[in-house]
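The values are calculated or read from the model by the stated rules, or taken from the named source; none is laboratory data. Just so it is clear, the model here is predicted, and its values are computed rather than measured. With ideal geometry, Cβ positions are generated from the backbone for all residues, glycine too; neighbour counts draw on all protein chains shown.
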Amino acid sequence: MKKAKIKFLNQEIPIEETLITLGRATDNKICINEQNVSRYHAEIEFFDNSFWLTDLKSSNGTFINDEPVTSTVQLKNSDRISLGGVELEFYLDDELQKDQQRSEENIKAPAAASLPLQDSTVAASLAECNEPPVAKSKPMHLILGIAAISLVIIGASMFLFLPKVNKGCDAWVYITNPESGETITNETEINLSISNGACINRIILKLDDKPIAELDVNASSIKIDPKDFPELADGMTHTLQAIIEDEKGNLIPASSVLVVFETAELPTSSPTPEEEQTAQTETQSLPRKNQVSLIEVQQMIQAQIRLFSNRPNYRLDPQFIEEVRKKTTDYSSEAGFFERALPYQDLINMEFHKENGIDAPVGFLIAMSRSKFRLEKQGKQEGLWQLSEEFVKAGGYKSVCELESLSDKTQSCAAKTAAAYTKALLIKIFNGDIVFTVAAFGMTEQEASLWAASLPQNKENFWQLIKNPQQRENIVRFFAASIVANNPGKFGLKRDKPILILYASLIQ
């Protein structure tokens, strides 16, 4: 593995692992406690003898040399990386030494008092973020020392944050309530934290990109009632976003959270004998009480697809939609799935999303579709992801846990092997396409590669391209499980919560 470093606050943080994450959460390798930085903002991975940067669906974006990162991008020496306005520099180790030598010959190091305000601010935030320290490299401790010095120098200015992506207005607005992943069941107050608001003309609140309210800088809260948005009571996540309009009319995205509205239910009443008789004669022409319409199924599938980072403009074949609706009956009888999934929340988020960069919903939804979060063996298939010992050993996925069983109650080995296998299909073979990854689940990498090579470049009409019965079964089950798990109320599972609650904080 090549040696590389991240240069930050005049310190060097070595990249010593094949995969590191950057973000606001304290368990990131590089942790930056700034609200404009998402909890898990981006990751750097070493493969194909190079370092690659991927944005993890952050709220405020990732940039390389002022260019937005929309896919996995190869890092080059001296690249400037911006995470929500916080800047870092990437250096290959040998090139960094050469650059330092040139700098020492031509430029004197600035005094501590002349450090840019942004650096000092982030240093303070970095210190807060790493108590207790989570970084594994010694330079992080040096950063904490620099942070302490900077705090003394900067004093009261420590909380001011100036994103370089917006030099005109340095205001900051953060949604403090509701929290991301929260379900809104009745009138709820939206609370905003506003800093340095002198340049703010107004704050615009949007729900799924549609303006719903405006506030001036002196107002920090407003109420929202789900009754005003009945069309959004679908059990899926919706984006609540705060937008700053500055004095010049520039619109600046500030912060956003994902919220769920309570599923709307129509009132029912006891039928009279006459109504009962009429209902019996109309049974064949009316859907069952808990049967969801094809239009609703289509909308729920589309909503699920929007949660994936790579989402081609899929065309949903009517036959596919009907097959998904039929298969939902296999999952609508699985009461208690949320409680069964809950103990594995941290494990799945870690192995699939943080360690392997897979979209947060994927590990949960594949498990729901294949095992319904039950650990019973089905033939040779075992664990939450229903893979066999023989299969994971032959593929080399079990090398990290050779002595553990896929059926262990902890599911640690099952999660590691399933995540490694899923990543191989998703990244190496299907270039981020989740539908074809799910369809191929159970195939060896060689089999999947041969199939992928036979597919046309345009895969929008996937149902017509996927003819193998098992592959069709895989994607039908995946989406049937997804829409039931994320809309349990619509399918009669009244005591279960939407499974997205378990990973909502990772899809901001």
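Could you list, in sequence order, the residues of region 158-189 that are of a type outside the set (Lys, Arg), within 24 Å of Ile64 (Cβ to Cβ) and either modelled with pLDDT under 70 or assigned to a strand (DSSP E or B) (or both)?
Result: Phe161, Leu162, Pro163, Val165, Asn166, Gly168, Trp172.
Being part of a helix (DSSP H, G or I), acidic (Asp, Glu), under 28 Å from Glu179 (Cα atoms) and modelled with pLDDT of 50 or more: is that true of Glu245 here?
It is false that Glu245 is part of a helix (DSSP H, G or I), acidic (Asp, Glu), under 28 Å from Glu179 (Cα atoms) and modelled with pLDDT of 50 or more.
Which of the residues that make up region 451-497 are aliphatic (A, V, I, L, M) and either within 14 Å of Ile434 (Cα to Cα) or not assigned by TED's automatic domain parsing to the domain that holds Met368 (or both)?
Just the residues of region 451-497 that are aliphatic (A, V, I, L, M), to begin with: 452-453, 455, 465-466, 475-476, 480-481, 483-485, 493.
Residues satisfying the conditions are Ala452, Ile466, Ile475, Val476.
Restricting attention to region 446-459, does a residue exist that is acidic (Asp, Glu), over 15 Å from Val324 (Cα atoms) and touching a residue at least 12 places away in the same chain (Cβ under 8 Å)?
no
With the condition kept exactly as written, say whether any residue in region 485-493 is part of a loop (DSSP other than H, G, I, E, B) and polar (S, T, N, Q).
yes
Name the single residue that is modelled with the lowest pLDDT among those in region 1-17 being in a loop (DSSP other than H, G, I, E, B) and either touching a Ser or Thr at 6+ places or on another chain (Cβ under 9 Å) or buried (at least 21 other Cβ atoms within 10 Å of the Cβ) (or both).
Quick first cut of region 1-17, residues in a loop (DSSP other than H, G, I, E, B) only: 1-3, 9-10, 16-17.
Restricting the remaining residues to those that are either touching a Ser or Thr at 6+ places or on another chain (Cβ under 9 Å) or buried (at least 21 other Cβ atoms within 10 Å of the Cβ) (or both) gives 1-2, 9, 16.
Numbers: Met1: 77, Lys2: 85, Leu9: 70, Glu16: 85.
It comes out as Leu9.
To keep it simple, each residue is scored yes or no on (1) surrounded by fewer than 18 Cβ atoms within 10 Å (Cβ to Cβ); (2) within 25 Å of Ser193 (Cβ to Cβ); (3) within 21 Å of the chain's Cα centre (by Cα).
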| residue | (1), (2), (3) |
| --- | --- |
| Leu19 | yes, no, yes |
| Leu22 | no, yes, yes |
| Asn28 | no, yes, yes |
| Gln35 | no, yes, yes |
| Ile44 | no, no, yes |
| Ser59 | no, yes, yes |
| Phe63 | no, yes, yes |
| Thr70 | yes, no, yes |
| Ser82 | no, yes, yes |
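Only one of Glu355, Glu334, Glu389 is in the same structural domain as Phe436 (by TED's automatic domain parsing) and either out of contact with any helix residue (DSSP H, G or I) (no Cβ under 9 Å at 6 or more places or on another chain) or of a type in the set (S, T, N, Q) (or both); which?
On inspection, the qualifying residue turns out to be Glu389.
Residues are listed down the side, and each one gets a yes or a no for (1) crowded, with 17+ Cβ neighbours inside 10 Å; (2) under 28 Å from Leu506 (Cβ atoms):
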site: Asp208; (1), (2): no, yes
site: Ile212; (1), (2): no, yes
site: Ala242; (1), (2): yes, yes
site: Asn250; (1), (2): no, no
site: Ala254; (1), (2): yes, yes
site: Val257; (1), (2): yes, yes
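Report yes if Ala420 is closer than 30 Å to Ser293 by Cβ, surrounded by 15 or more Cβ atoms within 10 Å (Cβ to Cβ), in the same structural domain as Asn349 (by TED's automatic domain parsing) and among the small types (Gly, Ala, Ser), otherwise no. Even if it seems obvious, please write down each step before you answer.
Values: closer than 30 Å to Ser293 by Cβ: no; surrounded by 15 or more Cβ atoms within 10 Å (Cβ to Cβ): yes; in the same structural domain as Asn349 (by TED's automatic domain parsing): yes; among the small types (Gly, Ala, Ser): yes.
Criteria not met by Ala420.
This table checks each residue for (1) under 19 Å from Asn356 (Cβ atoms); (2) in contact with a strand residue (DSSP E or B) (Cβ under 8 Å, 6 or more places away or on another chain); (3) of a type in the set (D, E, K, R).
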site	(1), (2), (3)
Thr417	yes, yes, no
Thr422	yes, yes, no
Phe430	yes, no, no
Val438	yes, no, no
Met443	yes, no, no
Trp451	no, yes, no
Ser454	no, no, no
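Does Val392 qualify as being farther than 21 Å from Phe46 by Cα, β-branched (Val, Ile, Thr) and free of Cβ contacts under 8 Å to residues at least 40 places away in the same chain?
On the way: farther than 21 Å from Phe46 by Cα: yes; β-branched (Val, Ile, Thr): yes; free of Cβ contacts under 8 Å to residues at least 40 places away in the same chain: yes.
When the stated conditions are applied, Val392 passes them.
Can you find even one residue in region 47-70 that is among the β-branched types (Val, Ile, Thr), in a loop (DSSP other than H, G, I, E, B), at pLDDT below 80 and not assigned by TED's automatic domain parsing to the domain that holds Ala424?
Checked against the condition, which is being among the β-branched types (Val, Ile, Thr), in a loop (DSSP other than H, G, I, E, B), at pLDDT below 80 and not assigned by TED's automatic domain parsing to the domain that holds Ala424, region 47-70 yields at least one hit.
Every residue, every condition in (1) under 18 Å from Glu322 (Cβ atoms); (2) buried (at least 22 other Cβ atoms within 10 Å of the Cβ); (3) modelled with pLDDT under 95, yes or no:
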site	(1), (2), (3)
Gln464	yes, no, yes
Pro469	yes, no, yes
Ala480	yes, yes, no
Asn487	yes, yes, yes
Asp496	no, no, yes
Ile499	no, yes, yes
Ser505	no, no, yes
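In region 494-508, which residue that is in a loop (DSSP other than H, G, I, E, B) and touching a helix residue (DSSP H, G or I) at 6+ places or on another chain (Cβ under 6 Å) is farthest from Ala254 (Cα to Cα)?
Taking the candidates together, the pick is Asp496.
Within region 395-416, identify whether any single residue is under 19 Å from the mean Cα position of the chain (by Cα) and assigned by TED's automatic domain parsing to the domain that holds Arg472, and answer yes or no.
Looking only at region 395-416, we keep the residues that are under 19 Å from the mean Cα position of the chain (by Cα), and these are 415-416.
Add one more test, that the residue is assigned by TED's automatic domain parsing to the domain that holds Arg472, and what stays is 415-416.
Looking for residues that are under 19 Å from the mean Cα position of the chain (by Cα) and assigned by TED's automatic domain parsing to the domain that holds Arg472, one finds at least one in region 395-416, hence yes.
Just the residues that are over 30 Å from Ala448 (Cβ atoms) and of a type in the set (D, E, K, R), please, taken from region 471-508.
Passing the criteria: Lys490, Lys494, Arg495, Asp496, Lys497.
So which residues in region 178-199 are touching a strand residue (DSSP E or B) at 6+ places or on another chain (Cβ under 6 Å), hydrophobic (A, V, I, L, M, F, W, C) and farther than 13 Å from Ser256 by Cα, if there are any at all?
Ile184, Ile194, Cys199
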